[in-house]
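The next block holds one structure in the form of structure tokens; read it before the comments.
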Amino acid sequence: MNDFFKQVLATIVGIIILSAVSLILTIVTVATMASASGSKDIEDNSLLVLKLDGGIEERAQDNPLADIMGSAAQTTGLNDILQALQKAKDNDKVKGLYIEAGTFRGATPAMLQEIRQAILDFKKSGKPVIAYGDTYTQGAYYLASTADSLVVNPQGSINWCGLSTQTAYYKDLLDKLGVKMEIFKVGTYKSAVEPYFLNEMSDANREQISTFNNEIWAQMLTEVGKSRKLTNEELNQLADTFMLLREAAHYKQNKLVDKLAYTTEVPQIIANTLGLESKDDYHTISIGEMAAAASSEPKGKSGNLIAVYYASGSIVDTPATGLTGVSEIVGADVVSDLQELAEDDDIDAVVLRVNSPGGSAYASEQIWHAVKMLKEKKPVVVSMGGYAASGGYYISCGADWIVAEPTTLTGSIGIFGVFPTAQTLLNDKLGVHLQSVKTNSLSDFGDVSREMNEGEKSIMQNYVNRGYELFTKRCADGRKMKQDAIKAIAEGRVWTGVHAKSIGLVDQLGNLNDAIKQAAKRAKVSEYSVINEPAQPSFIESLMESANRSSYADAKIRKMLGDHANFFDVLNRLNGKGSVQAEIPCYFIFNL
């Protein structure tokens, strides 16, 4: 018997040792792979490859587990794309850009616009741009239309049909569950709460969505038309014929593409465009490899630093465990980071890069205050990404200067509160009856087992009203406008960047690079280096974080559900939200 226990113990110890060794070998292997992929030399006759595949985020984080397991749901950082294009433009070894269309998801109109501007800037070098796709999504075609040679497969397709925007409504679902939402809001257009008590859009929400859809589509028509030498009328006529199901020859006849070719023919087309004899005469370099090579270059000698601080995702009081692993702006973390930037004498100015639909009103106020304190020490310029709305605008309004893309969705100045009531679910469906004993009349305020009385509703609405007054005052002070003037354009209404500039919510239309230039100008520095904050986690930290948050599974779920995964994430995090929110109307899904 003793021998048996010894053998069992030895087996357990052996398994533990083997597991530890396997983990160490895995870490070493992946670290070696990461090091090798990030240190690739740029060869002569290189071709930068921009694959429009997978997801895109403002600033992608390393996901070692996905690398190990061969995830098909990789995410590319917008910052990497922009950096790689800029460096490739200035690098003599890079001879051109190849855009390969694929399943491109997660990009907002403003993200696409910023990438398109970077491609056009790359073309100023005189280097050719070639694009190929079996199937072009509308967003991919918007980018590929910049190409000098635009190619589609003879049996391929192009989705060019105009914009539609989709939101999801949960009232029937909540009714079936026996859950009622008590809604408190300020703002006719503050439609973020509509999914909880309606099954269809309100007239106000339909009006604002129609307005910004048409403004974004007008931008796309103008830009694509300029590249393809087509009028807005011609492009609209093509969209109305639903180009996705047309023959490829039709695309060429209508000047949407230049050539029809199979995938196997593309390498030689590239070689010919680059002025080379054979497809073996050029080398390819990915966006990630180009960005890594660029980041390894020495910084400028001026000693001046502009910090770009990325604030991306929903604004929350505390980190939430999201179904799909989306980014979050955690109030306390951002406040701490901004304080450090304020105290860092080596940093001359800060660009706050905001891509957020909003979130917690409390956390937004704390970040607003941190921006105010930072501004007292050095210039603060906001660069708005796809969204900078509601709480996203709250944390932006106090900056010295605000730069937005023409298609950025911003504004949505409004406040709402949501309290769930599960009386029907508990009593009638589950047979659960809760009883309370209280010392004061409001001791059980917010009890989900009963509906709120009129007195409680009045208290809550007054609280939301005060939040709206504070929000509009912050905007008025930051924009140097009368509070009544802010209220006239507030009401929770969402505006495009173009519209926001015309009504005073934005100072300048432009991209991140324009915001950096503005920050340098305000800091009175002509030569400077740019650093990105907050610092990315180390390789080991990324590996451990990947394991903890099951990001591999999250990526698979997001790949399967596509943009609709956002809706599930909203529901998953609803319990963890504070009672008062400054958030844009749910997540808009554009057919890009």
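Expressed as a whole percent, the proportion of Cα-Cα pairs in the range 89-187 lying more than 17 Å apart is 64%.
Each pair of Cα atoms in the range 195-354 enters the Kirkwood radius, and Stokes-Einstein at 4 °C and 1.567 mPa s then converts it into a translational diffusion coefficient of 58 µm²/s.
Sorted on the mean count of surrounding Cβ atoms within 10 Å across their residues, most packed first, peptides 461-468, 212-219 read 212-219, 461-468. Its Cα gyration tensor gives the range 137-246 an equivalent ellipsoid; the semi-axes, largest first and in whole Å, are 38, 17, 11. Modelled this way, with points 7 Å down the Cα-to-C-beta line, the labels at Ser529 and His369 are 3.5 nm from one another. The spacing between the range 431-499 and the range 120-156, judged by their C-alpha centroids, is 48 Å. Label sites at Thr318 and Asn427, each approximated as a point 7 angstrom past Cα along Cα to Cβ, lie 3.1 nm apart.
Each part gets one Cα centre, and for the range 341-398 versus the range 185-242 those centres are 28 Å apart.
A crude spin-label estimate for the pair Leu509 and Glu233, with each label 7 Å from Cα along the Cβ direction, gives 2.3 nm.
Listed by Cβ neighbour count within 10 Å, with the fewest neighbours leading, Tyr387, Tyr393 appear as Tyr387, Tyr393. Other residues with beta-carbon under 15 Å from the beta-carbon of Leu50 carry, at +1 per Lys or Arg and -1 per Asp or Glu, a net charge of 0. Within 15 Å, Cβ to Cβ, of Glu200, how many net charges do the neighbouring residues add up to if Lys/Arg are +1 and Asp/Glu are -1? Neighbourhood net charge equals -3.
Neighbour counting of Cβ atoms within 10 Å sorts the residues Val530, Val494, Val432, fewest neighbours leading, into Val432, Val530, Val494.
What FRET efficiency comes out for the pair Thr263/Val437, r = Cβ-Cβ distance, R0 = 60 Å, nearest 0.05?
Numbers: r = 73 Å, r/R0 = 1.21.
After rounding, the FRET efficiency stands at 0.25.
As a proxy for reagent exposure, ranking Ser145, Ser202, Ser443 by other Cβ atoms within 10 Å from fewest up yields Ser443, Ser202, Ser145. Above 16 Å, the calculated P(r) of the range 310-396 contains 48 percent of its Cα-Cα pairs. Quick one: grab the alpha carbon gyration tensor of the range 198-281, order the square roots of its eigenvalues as a ≥ b ≥ c, and give me rounded if a/c is under 1.5, else prolate or oblate depending on whether a/b is larger than b/c. In terms of gyration-tensor shape, prolate. Using R0 = 22 Å, the C-beta based FRET efficiency linking Asp175 and Asn465 works out to 0.20. Here the calculated FRET efficiency for Asp281 and Asp53, from their Cβ-Cβ distance with R0 = 30 Å, stands at 0.70, rounded to the nearest 0.05.
Gly275 sits among other residues whose Cβ lies under 12 Å from its own Cβ, and their net charge, with Lys and Arg +1 and Asp and Glu -1, is 0. Scalar couplings 3J(HN,Hα) for the range 269-276, obtained by applying the Karplus form with A = 6.51, B = -1.76, C = 1.60 to θ = phi - 60°, are 4, 4, 4, 4, 5, 7, x, 10 Hz; x denotes Gly and Pro.
Every number here is computed from the coordinates shown, using simple stated rules; none is lab data. No experiment lies behind these values; they were computed from the predicted model shown. Here the Cβ is made from the backbone with ideal geometry for all residues, glycine too, and neighbour counts use every protein chain on show.
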